[in-house]
Amino acid sequence: MTERKPITSWLTDMDGVLMHEGVPVPGADAFIKRLQETGRPFLVLTNNSMYTARDLHARLSRIGLDVPVRNIWTSALATAKFLDTQHPNGTAFVIGEAGLTTALHDAGYILTDSDPDFVILGETRTYSFEALTKAIRLINNGARFIATNPDNTGPSPEGALPATGSVAALITKATGKEPYFVGKPNPLMMRTGLNAIGAHSESSAMIGDRMDTDVLAGLEAGMETFLVLTGLTTLGDIDRYPFRPTTVVDSIADLVDLV
């Protein structure tokens, strides 16, 4: 087995790694501070497309985690980057929140429900029957279908919420058209993120709490992977998957000394 290069850049998931239900994970602040002290390139990633990077910076700051806006990468930003390279200055009908619409506006996209190039589905807490019906009809009329991420559920204090993947499945059932998912585990999100900080996969690591998105995305992008047990995955869950993380640790606190 080829020996990996030393880790010089870090990508980490947010929910379940740095914070859990709005509370910082012990050691997360020390990890972020160490990255900044050493000058290591890093990104905090999230598949949630609801918030802008500035919104997330503010949310993290409120719980004591100082992550600059430039170090936050969302599935909304990755989607806008993908569309800008594939179909610059296009048009789209969007179901989502400000994180997605702002990213698309910044990429030069016009948002419309009149014969758009794309239907783009993102995260929202207010999926409406009217908007879903419009999306289905536009896709049936030829609009291409993009979704920010494949997560089927999202967390809330009351329990699981339907997320982009579940709603995408509804649209697929009605149209027969599968979306292209941009977010994790698509390695495209990882590679565009690495490009944004000038990093290379062979000397980068991905930290996450989910096998099916974080670890798989890091693995497929050619990175070293660390699974933390402070989120959705337990030690007993790992053997359910046909792949493994490079290393399993209790929490991000165990990785501070590796930076």
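The values are calculated or read from the model by the stated rules, or taken from the named source; none is laboratory data. The shown structure was predicted, so the numbers you read here are calculated from the model rather than taken from an experiment. Note: ideal-geometry Cβ built from the backbone for every residue, glycine included; neighbour counts use all protein chains shown. Quick note on the areas: whole protein, heavy atoms, side chains included, nothing else; ligands and nucleic acids left out. Shrake-Rupley method; radii C 1.70, N 1.55, O 1.52, S 1.80 Å.
Okay, here's what the table says:
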read-out: Among residues of the stretch 37-56, those that are assigned to a loop (DSSP other than H, G, I, E, B) and touching a residue at least 40 places away in the same chain (Cβ under 8 Å), counted; value: 8
read-out: Single unsatisfied condition, Leu132 versus (1) within 15 Å of Thr148 (Cβ to Cβ); (2) open to solvent by 10 Å² or more (accessible area, probe 1.4 Å); (3) of a type in the set (A, V, I, L, M, F, W, C); value: (1)
read-out: Test: residue in the stretch 80-92 that is open to solvent by less than 50 Å² (accessible area, probe 1.4 Å), of a type in the set (Gly, Ala, Ser) and within 26 Å of Met211 (Cβ to Cβ); value: no
read-out: Residue match in the stretch 60-69 (condition: assigned to a loop (DSSP other than H, G, I, E, B), open to solvent by 10 Å² or more (accessible area, probe 1.4 Å) and β-branched (Val, Ile, Thr)); value: yes
read-out: Candidate set from the stretch 97-129 (those that are within 16 Å of Tyr51 (Cβ to Cβ), open to solvent by 50 Å² or more (accessible area, probe 1.4 Å) and in contact with a strand residue (DSSP E or B) (Cβ under 8 Å, 6 or more places away or on another chain)); member that is modelled with the lowest pLDDT; value: Arg125
read-out: Boolean, Ala135 is under 17 Å from Val182 (Cα atoms) and in contact with a strand residue (DSSP E or B) (Cβ under 6 Å, 6 or more places away or on another chain); value: no
read-out: Subset of the stretch 147-171 [touching a residue at least 24 places away in the same chain (Cβ under 8 Å) and assigned to a helix (DSSP H, G or I)]; value: Thr164, Val167, Ala168, Leu170, Ile171
read-out: Flag for Asp13 being open to solvent by less than 50 Å² (accessible area, probe 1.4 Å) and under 25 Å from Ile120 (Cα atoms); value: yes
read-out: Set Thr230, Thr225: member being in a loop (DSSP other than H, G, I, E, B) and either under 23 Å from Pro26 (Cα atoms) or in contact with a strand residue (DSSP E or B) (Cβ under 9 Å, 6 or more places away or on another chain) (or both); value: Thr230
read-out: Contacts under 7 angstrom Cβ, first residue in the stretch 64-86 being more than 19 Å from Pro150 (Cα to Cα), partner part of a helix (DSSP H, G or I) and open to solvent by less than 30 Å² (accessible area, probe 1.4 Å), 6 or more apart; value: Leu65/Ala28; Leu65/Ile32; Asp66/Ile32; Val67/Ile32; Val67/Leu60; Val69/Ala53; Ile72/Ala53; Ile72/Leu56
read-out: Given (1) free of Cβ contacts under 8 Å to residues at least 40 places away in the same chain; (2) open to solvent by less than 50 Å² (accessible area, probe 1.4 Å); (3) touching a strand residue (DSSP E or B) at 6+ places or on another chain (Cβ under 9 Å), number of the condition Arg144 does not satisfy; value: (2)
read-out: Residue list for the stretch 17-49, filter: open to solvent by 10 Å² or more (accessible area, probe 1.4 Å), among the small types (Gly, Ala, Ser) and modelled with pLDDT of 95 or more; value: Gly27, Ala30, Gly39
read-out: Test for Gly159: is it more than 16 Å from Asp13 (Cβ to Cβ) and more than 14 Å from the chain's Cα centre (by Cα); value: yes
read-out: The stretch 1-36, residues that are basic (Lys, Arg) and part of a loop (DSSP other than H, G, I, E, B); value: Arg4, Lys5
read-out: Some residue of the stretch 86-106 being more than 17 Å from Asn195 (Cα to Cα), of a type in the set (A, V, I, L, M) and in a loop (DSSP other than H, G, I, E, B); value: no
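Residues are listed down the side, and each one gets a yes or a no for (1) closer than 18 Å to Leu18 by Cβ; (2) outside any loop (DSSP other than H, G, I, E, B); (3) open to solvent by less than 10 Å² (accessible area, probe 1.4 Å):
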residue: Arg191; (1), (2), (3): no, yes, no
residue: Asn195; (1), (2), (3): no, yes, no
residue: Ala205; (1), (2), (3): yes, yes, yes
residue: Asp214; (1), (2), (3): yes, yes, yes
residue: Gly236; (1), (2), (3): no, yes, no
residue: Phe243; (1), (2), (3): no, no, no
residue: Val256; (1), (2), (3): yes, yes, no
